[in-house]
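Got a structure here, written out as structure tokens. Questions coming.
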Amino acid sequence: MQFTIEQASEKHLHYAEAICNEMEASAKVRGTGIAKRSPEYLQKKMIQGNAIIAITETGNWAGFCYIEVWSHEKFVANSGLIVSPEFREFGLAKRIKQAIFKLSRSKYPNSKIFGLTTGLAVMKINSDLGYEPVTYSELTQDEDFWKGCTSCINYEILISKDRKNCMCTAMIWDPVEKEKDKKLKIEQKVIAKERLSRMKKKHSLLKILSMKFKKKSKTFLNLI
């Protein structure tokens, strides 16, 4: 089956209510928490271009995810990942996450991208994208973000632990740390290349010395 995975816009506004209903229904089936969002909230994300949507060939929505911006763009979250039940065997979740991650990096290149999830599949996808597990203290402390958790069934657990822990696993992709890792890998490659070059030169020198020694030995034996 073919899907169109694209940046959401005003032409997708009519899908918002169905997506919102499926988010809530899916959370109830899994028995896990999810911060509820209204159709109007999802429509706002579509208008802003801060969402990715997957559409089938027949024009049905198949999956969705949106971006939230916090702490003056210091943080962005890829939130609300949902795939319609009838399309959950096509690897859509991973493709949507990859698309929303790419969109986030394009629109907010200096922001830390984070997520909170109880789903092992989402954790695996995040890990493949380069996210690292972190403590809650490393997430945005924007009060509006944490207010979004009030509709979650696990909210009392979050409050009882003073927002330091809950049922969700926190993960972050930090552009600064990734740039450091990139530079370190480049430096390591340069060092490895230089080491290999020295080894080759040493090997060549030993080979030349060995040939000279053999030549001298042969000359000496001929004199005897």
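The values are calculated or read from the model by the stated rules, or taken from the named source; none is laboratory data. The shown structure was predicted, so the numbers you read here are calculated from the model rather than taken from an experiment. Methodologically, a virtual Cβ is constructed for each residue, glycine included, from the backbone with ideal geometry; neighbour enumeration extends over all protein chains shown.
Run Met167 past the list (1) surrounded by 10 or more Cβ atoms within 10 Å (Cβ to Cβ); (2) touching a strand residue (DSSP E or B) at 6+ places or on another chain (Cβ under 9 Å) and report the number of the one that doesn't hold.
Status for Met167: all satisfied but (2).
So which pairs qualify, if the first residue must be in segment 1-19 and closer than 18 Å to Ile67 by Cβ and in the same structural domain as Leu103 (by TED's automatic domain parsing), the second must be surrounded by 15 or more Cβ atoms within 10 Å (Cβ to Cβ) and β-branched (Val, Ile, Thr), the Cβ gap must be under 6 Å, and the two must be at least 6 apart or on different chains?
Pairs found: Ala8/Ile53; His12/Ile53.
All but one of (1) in contact with a Gly (Cβ under 9 Å, 6 or more places away or on another chain); (2) under 25 Å from Glu40 (Cα atoms); (3) among the polar types (S, T, N, Q) hold for Asn126; state the number of the condition that does not hold.
The single condition Asn126 does not satisfy is (2).
Looking for something more than 19 Å from Asn78 (Cβ to Cβ), modelled with pLDDT under 95, among the β-branched types (Val, Ile, Thr) and out of contact with any Pro (no Cβ under 8 Å at 6 or more places or on another chain) - is there at least one such residue anywhere in segment 174-182? So that I can check it myself, show each step before the final result.
Of segment 174-182, the ones more than 19 Å from Asn78 (Cβ to Cβ) are 179-182.
Okay, now just the ones that are also modelled with pLDDT under 95, so 179-182.
From what is left, the residues that are among the β-branched types (Val, Ile, Thr) are none.
No, every residue in segment 174-182 fails to be more than 19 Å from Asn78 (Cβ to Cβ), modelled with pLDDT under 95, among the β-branched types (Val, Ile, Thr) and out of contact with any Pro (no Cβ under 8 Å at 6 or more places or on another chain).
Here is a further query. How many residues are under 26 Å from Cys152 (Cβ atoms) and at pLDDT below 95 if we restrict to segment 1-19?
Looking only at that region, the number is 0.
Looking at Ser84, Ser137, Ser127, Ser106, which is the one that is assigned by TED's automatic domain parsing to the domain that holds Asn21 and over 30 Å from Met1 (Cβ atoms)?
Numbers: Ser84 fails: over 30 Å from Met1 (Cβ atoms); Ser127 fails: over 30 Å from Met1 (Cβ atoms); Ser106 fails: over 30 Å from Met1 (Cβ atoms).
Exactly one of Ser84, Ser137, Ser127, Ser106 is assigned by TED's automatic domain parsing to the domain that holds Asn21 and over 30 Å from Met1 (Cβ atoms), namely Ser137.
Among the residues of segment 115-126, are any touching a residue at least 40 places away in the same chain (Cβ under 8 Å), more than 18 Å from Ala27 (Cα to Cα) and β-branched (Val, Ile, Thr)?
Looking only at segment 115-126, we keep the residues that are touching a residue at least 40 places away in the same chain (Cβ under 8 Å), and these are 115-119, 122-123, 126.
Filter once more, so that each one left must be more than 18 Å from Ala27 (Cα to Cα): 126.
Subset that is β-branched (Val, Ile, Thr): none.
No; the residues of segment 115-126 include none that is touching a residue at least 40 places away in the same chain (Cβ under 8 Å), more than 18 Å from Ala27 (Cα to Cα) and β-branched (Val, Ile, Thr).
May I ask you to say which residue of Lys107, Lys124 is surrounded by fewer than 16 Cβ atoms within 10 Å (Cβ to Cβ) and among the basic types (Lys, Arg)? Show your work before the answer.
Working: Lys107 fails: surrounded by fewer than 16 Cβ atoms within 10 Å (Cβ to Cβ).
Result: Lys124 is the single residue among Lys107, Lys124 that is surrounded by fewer than 16 Cβ atoms within 10 Å (Cβ to Cβ) and among the basic types (Lys, Arg).
If you don't mind, there's one more thing I want to ask. So for segment 65-78 (the condition being among the acidic types (Asp, Glu) and free of Cβ contacts under 8 Å to residues at least 60 places away in the same chain), does at least one residue qualify? Write out each step before concluding.
Of segment 65-78, the ones among the acidic types (Asp, Glu) are 68, 73.
Those left that are additionally free of Cβ contacts under 8 Å to residues at least 60 places away in the same chain: 73.
So far as segment 65-78 goes, yes, one or more of its residues are among the acidic types (Asp, Glu) and free of Cβ contacts under 8 Å to residues at least 60 places away in the same chain.
Then there's this: Show me the helices (runs of 4 or more DSSP H) entirely contained within segment 96-215 in which 1 or more residues are within 23 Å of the chain's Cα centre (by Cα). Break it down into steps so the answer makes sense when it comes.
Working: elements: 120-129, 143-147, 155-160.
Here the list reads 120-129, 143-147.
Another question about this same structure. State all residues of segment 94-116 that are among the aliphatic types (A, V, I, L, M) and modelled with pLDDT of 95 or more; if no residue qualifies, say none. Quick ask: steps written out before the conclusion?
In the first step, residues of segment 94-116 are kept if they are among the aliphatic types (A, V, I, L, M); the result is 96, 99-100, 103, 113, 116.
Listed by number, the residues that qualify are Ile96, Ala99, Ile100, Leu103, Ile113.
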